[in-house]
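J.: Pasting a structure here, questions to come.
Quick note: the coordinates plus some simple rules give every number you see, no bench work behind them. Predicted model only: the values in this text are computed from it and were never measured. Neighbour counts are summed over all protein chains in view; Cβ atoms, including those assigned to glycine, are modelled from backbone coordinates with ideal geometry.
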Amino acid sequence: MWSIEEFVRAAGVTVEELAAYVAESRRGDVPVLARRPPGELAERLGLAELIAKGGLTAETFRGFLRTYLAEGTRLHHPAYLAHQDAPPDFPAALADFVHGTANNLAAVYEMGAPATTVEIEVLKWMLAKVGFPRGGGVLTGGGSLANLTALLAARARAAPSAWDEGVPGDLVILAPDSAHYSIARAASILGLGRRAMVAVETDELGRIIPERLPDISGKRVMALVASACATGTGLHDDLRAIGEWCRARDVWFHVDAAHGASALLTTGHRHLLDGIELADSVIWDAHKMLAAASLAAAVLVRDERDLDAAFQQEASYLFYGDQGFDLLSRTLECTKGELGLKIFLNLAWRGERGLGEQVSRRYAAAHRFWELAGRRDGFALPYEPESNIVCFRYGDGDQAALRERLMDDGSFYLTSTELGGVRHLRLTVMSPATDDATLESLLDAIEAPHP
Ligand SMILES: *Cc1c(COP(=O)(O)O)cnc(C)c1O
C-alpha cells in the first residue's frame, strides 16, 4: 500500500499547496471564509465519487487540496477575527505531520517513549510557569476535557468515595455565569447535576466580585472556578483575592486559563495572572495562544497526587524509573496523540520569549482596535481590553445583522456575544497578519452605509 516514492511526491505537493495557501491567506486579498452550502461543497470536492471509487493520486490530490483549502476558513488571514483558535506556527504543523506519519502515542511509555517524555518535559515547563513546584499535569484533547479532568480531581478531593459510591448530594461548584459552558457541562457529566452550579456575584462585565463570595452553609463547596480570561470578554478575574478566599476556607480553586495562561510568557501582561499560583488546578490551551493546531490542552494541578487520585479511589502513583511512566492513569483518553510535540517544537523554534512576544502582539493589536474605534463616532466600547478579545457595538441597530453583512462577501470574520443581556460584536485578534490597516478597514466597513 505505502509506496515511499508516492509518499514523497504527495508530501511535496502538500507542502507546496499549503505554503501557497498560507502566503495567499496572509496577503488577505481572498475571502477569509467561503460559506458554501454543504451539498454544493460535496459536489465541488467530488466527495461521493472519491468515496465510491477511490483513485486519488499525488497529482489529482493537488486539485482536491487546493479546493479544500480555498473553501475553508483561513485562520492565517488578517481579517480572521473570530474564534480563539490559532493560525498554527509551522513547527507545530510539522509536529502534526510527524504524528500523522509515525503515530507514536503519549499515554503508554512503550508506545512512544519520546512522545511521552516530550509531554512530561513540556508539562514541567508549564507547571514552572504557573508556579506549581510540586505539581503534576497531563495534556488532553482541549480545554473542555481539561476542565472536566480538573473538576474530577476536585471531586476526588472533596468526595474520595464518589468514584465507587456515586456522588453525594451536597456538593456544589461556585462559578460566575460568565464561566465557559464546559464548566456547567462538567458538573452534569460528573454527576453533580446542573443544580450544583451556584452562580457567584459578578460586576456588570461578568467579573467575580471577591468581597461578595458567598458563605455556603449546608453544602460542601467542591470547587470555585475563576476565569483568566473569560471567553466572552477576555477579562480576567482577580485571582489573588479569590485564591486567598479559597485558601482561607480550604476550597479547591480552579482557574480556567485556557486562553489567558499564555500571557505568563509576556512581560507586559503576566500581571493579569497574578495569584494563579494559589490555584489547585489550572487549564491552559496551547491551541489558542501558543500557535499550535487543535487540540492540545494542559491540566495542571498544584499537588501532583490530586491528578493521580482523579481517576481512581486509591491514588496509585505513576511509576518514575528506568522504564518510564504511563500517563494513562491521568486522562479520559486511552489512546492519546503526541500533543506535547507541537508545543515543544514551537518552543524549541521560537523560544519562550518568541512565543511571549506573539501573545503580546496579538494583545496589542486588540488594544489598538479599541483605541481606533474610540476615536470614531457611534462605537460603544464597554471596557478597555486586557487581552486580544474586544467586545463592541456600533449604532443601535441589529448587531447580528451587521456581523452578517461584514461576513457576507468573506471580507471579515468576527463573532458576537451577549454582554449584560445585550448583543455585542466580538473581535479576537489571532493572526500575525492583522495590522492597523486591517483594523481601519474593518472600522470603515462597519461604518459604510448599506442598503
Ligand atoms: C476556549 C475556552 C475553553 C474551551 O476550550 P476548548 O479547547 O475549546 O475545549 C474553556 N474555557 C475558556 C475560558 C476558554 O476560553
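J.: What FRET efficiency, computed as 1/(1 + (r/R0)^6) with R0 = 41 Å and r the Cβ-Cβ distance, is obtained for ALA364 and ILE4, rounded to the nearest 0.05?
T.: 0.35
J.: A further question follows. As an exercise, find the ratio Rg/Rh for segment 309-424 from alpha-carbon atoms, using the Kirkwood inverse-distance average for Rh.
T.: Rounded to two decimals, Rg over Rh is 1.19.
J.: What dipole magnitude, in Debye to the nearest 20, does segment 213-332 give about its Cα centre under +1 on Lys/Arg Cβ and -1 on Asp/Glu Cβ?
T.: 280
J.: Hey, any idea what the orientation-averaged projected area of the convex hull of the chain's Cα atoms comes to, in nm²?
T.: 24.0
J.: Which of ILE51, GLY12, GLY260 sits closest to the plus end of the dipole of the chain, meaning its Cα is farthest towards the positive end, when Lys and Arg get +1 and Asp and Glu get -1 on the C-beta?
T.: GLY260
J.: Here's something else I'd like to know. For segment 10-27 and segment 204-230, what is the centre-to-centre distance using only Cα atoms, to the nearest Å?
T.: One Cα centre to the other: 47 Å.
J.: Gain in length, ARG220 to CYS334, computed as 0.36 nm per residue apart minus the alpha-carbon separation, to one decimal in nm? Walk me through the numbers before you get to the answer.
T.: On the way: separation 114, 0.36 × 114 = 41.04 nm, distance 3.16 nm.
The span from ARG220 to CYS334 would gain 37.9 nm if fully extended.
J.: What percent does the relative contact order of the chain come to when contacts are Cα pairs within less than 8 Å and at least six residues apart?
T.: Taking the mean separation of contacting Cα pairs over the length of the chain, I get 22 percent.
J.: Can you give me the P(r) profile for segment 32-107? Cα pairs, bins 10 angstrom wide beginning at 0, each as a whole percent.
T.: 14, 32, 38, 15, 0
J.: What distance in nm lies between label points placed 7 Å from Cα along the C-beta direction at ASP29 and HIS450?
T.: 2.5
J.: Can you find, among THR438, GLY351, SER329, the residue farthest towards the positive end of the dipole of segment 319-440? Put +1 on the C-beta of Lys and Arg, -1 on that of Asp and Glu.
T.: Positive-end residue among those listed: GLY351.
J.: Express in nm, to one decimal, how much length is gained between ALA437 and HIS83 on full extension, taking 0.36 nm for each residue of separation and deducting their alpha carbon distance.
T.: Working: separation 354, 0.36 × 354 = 127.44 nm, distance 2.06 nm.
Computed gain between ALA437 and HIS83 is 125.4 nm.
J.: Compute, for the chain, the length of the dipole vector about the Cα centre, with Cβ point charges of +1 (Lys, Arg) and -1 (Asp, Glu) only. Units Debye, rounded to 20.
T.: The dipole of the chain has a size of about 160 debye.
J.: Taking a threshold of 29 Å on the Cα-Cα distance, which of the pairs LYS219/LYS288; LYS219/LYS336; LYS53/LYS342; LYS129/LYS342 fall above it?
T.: LYS219/LYS288; LYS219/LYS336; LYS53/LYS342
J.: I would also like to ask the following. Sort TYR80, TYR383 so that the residue with the fewest other Cβ atoms within 10 Å of its own Cβ comes first and the one with the most comes last.
T.: Lowest to highest Cβ neighbour count: TYR383, TYR80.
J.: Provide the gained length on full extension for the span GLU244 to LYS53, in nm with one decimal, where the gain is 0.36 nm per separating residue minus the Cα-Cα distance.
T.: Taking 0.36 nm per residue and subtracting the Cα distance, the gain is 62.4 nm.
J.: Please label the shape of segment 139-186 as rounded, prolate or oblate, based on the square roots a ≥ b ≥ c of the eigenvalues of the alpha-carbon gyration tensor (a/c under 1.5 means rounded; beyond that, a/b larger than b/c means prolate, else oblate).
T.: Here segment 139-186 falls in the oblate category.
J.: Provide Rg and Dmax in Å for segment 97-346, with only Cα atoms included in the calculation.
T.: Considering segment 97-346 through its Cα atoms, Rg and Dmax are 17.4, 55 Å.
J.: To continue, here is another question. Radius of gyration and Dmax for segment 367-451's Cα atoms, expressed in Å?
T.: So, for segment 367-451, Rg and Dmax equal 12.0, 35 Å respectively.
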